[in-house]
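J.: Handing you a structure now.
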Amino acid sequence: MKVLLSILLLLSVCTSVYADKITVTGRVTENGDGIPVVNITEKGTNNTVTTDMDGNYSITVERNAILVFSRIGYLGVEIPVNNLTTIDCELQPIELTLITMSIPIQDCCMQLPTLC
């Protein structure tokens, strides 16, 4: 009887631990086109996956997790899971502005070495 109770207790603990996790799938896009090699991380953990060539991903996380979507050249996005099993994400590219400076040549002085 003790063995049976121990087994039931163990099964209930295993079930409750597994029940706190869900698998989330989705697609990461820019203007409707899938973005490859986007990192999706469960915030505060090392649990990370990467999108495939079409921008699709699948990750198993805690039900109350926050997913962090990141890729070089794009603004990062954080989305709470809230028990959702499908989360699609639209990333926006970072707009870089090139700043140019003009220095008038008469303001620059350079001495050339003399050759003997």
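Derivation of every value follows stated rules applied to the coordinates shown; laboratory data play no part. Predicted model only: the values in this text are computed from it and were never measured. Positions of Cβ are backbone-derived with ideal geometry, glycine not excepted, and every protein chain shown enters the neighbour counts.
J.: Sort the following peptides by mean Cβ neighbour count (other Cβ atoms within 10 Å, averaged over residues), highest first: 64-70, 79-85. All intermediate terms of the calculation are to be shown ahead of the outcome.
T.: Numbers: 64-70: 17.9, 79-85: 13.0.
Result, highest mean Cβ count within 10 Å first: 64-70, 79-85.
J.: If you don't mind, another one. If packing is taken as the mean number of other Cβ atoms within 10 Å per residue, what is the order of 86-96, 20-30, highest first? Display every interim value, and only then the final one.
T.: On the way: 86-96: 12.5, 20-30: 16.6.
Answer by packing, highest mean first, reads 20-30, 86-96.
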